[in-house]
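See structure below.
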Amino acid sequence: MNKRIIILLLTILPCIASAQKGRHFEFDYFVLELGFCNSFNGAPSARCDHKYYKGGEGLVHLNQVETLGYTPGFNVGLQFHHDCKNDNVGFITGLMVHSWGNSYKYETPQKDIKLTEWNKMLSLGVPLYIKLSDELYNRQAYFYFGTQVDFNLNVTTTQKANGTKLSTKDYNDARSKITVPVIVGFNFTIINFRIGMTPMAMFDKDYVITLGGGQEALPYKDINNMTFFANFAFTIPLSQWTVKRSYFLSRIF
């Protein structure tokens, strides 16, 4: 799914640039963003009673490991920028496809088996930012803040035990359908950096599973609510701002 979305975005970019040829770009223009999403999370808030490892001697209960989780991802999007005529305040919206997540570590009581679990979410986000600068368009240097309404499309869970991959499964029935992070960032020419926090769990904490013997459990009841992230990206204005900085593009547009 994520590959098809990225290919679609990249396919329509030449059409957007061509359609805007000859327009005045200073106040309204599109920006392509390509980057990396780095997610961080804490350990579950309480002992998980449903985590087991199936080995040669049957099921062995796993204990959680108190550690900081890290999950790499990506972000690709098309933003629409509207700058006020004073060139000091502007607004950003658009569409952003990004992969983010969290990870947890567990181990057996004897500490001979160490299991890592990654939960990766694919989301379609709508950014809603305010940007501030003493000169927005020509410098493309500005601070911005706001939120992004993320519609969560797909989540997969991958487990590895002592470095060996066990399984990858999707748990879409358990995912939170929408998350809304809080974001602050800075853009300088084509370099963009932002940090943020999602104060909502990526899974439904009331989701129920059935264990052996007909017992029920809430597997996500104690997961950490907050996911922090730091994003690094390249932002390319699809306007004369970029064309003027490239001899090759100036010959085309």
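The values are calculated or read from the model by the stated rules, or taken from the named source; none is laboratory data. Model, not experiment: these values are computed from the prediction. Here the Cβ is made from the backbone with ideal geometry for all residues, glycine too, and neighbour counts use every protein chain on show.
General observations
- Search result, residues across segment 60-96 that are over 27 Å from I191 (Cβ atoms) and outside any strand (DSSP E or B): L62, V65, E66, T67
- Strands (runs of 3 or more DSSP E) contained in segment 97-202 and holding at least 2 residues in contact (Cβ under 8 Å) with a residue 12 or more places away in the chain, buried (at least 17 other Cβ atoms within 10 Å of the Cβ) and more than 13 Å from the chain's Cα centre (by Cα): 114-132, 141-161, 182-188
- Residue in segment 218-226 that is surrounded by 14 or more Cβ atoms within 10 Å (Cβ to Cβ) and at pLDDT 85 or above present: yes
- Number of positions in segment 172-230 that are at positive phi and polar (S, T, N, Q): 1
- Selection over segment 215-232 of residues that are aliphatic (A, V, I, L, M), outside any loop (DSSP other than H, G, I, E, B) and touching a Lys or Arg at 6+ places or on another chain (Cβ under 8 Å) gives a count of 1.
- Consider segment 72-90 and keep the residues that are hydrophobic (A, V, I, L, M, F, W, C) and buried (at least 16 other Cβ atoms within 10 Å of the Cβ). The one that is nearest to N225 (Cα to Cα) is F74.
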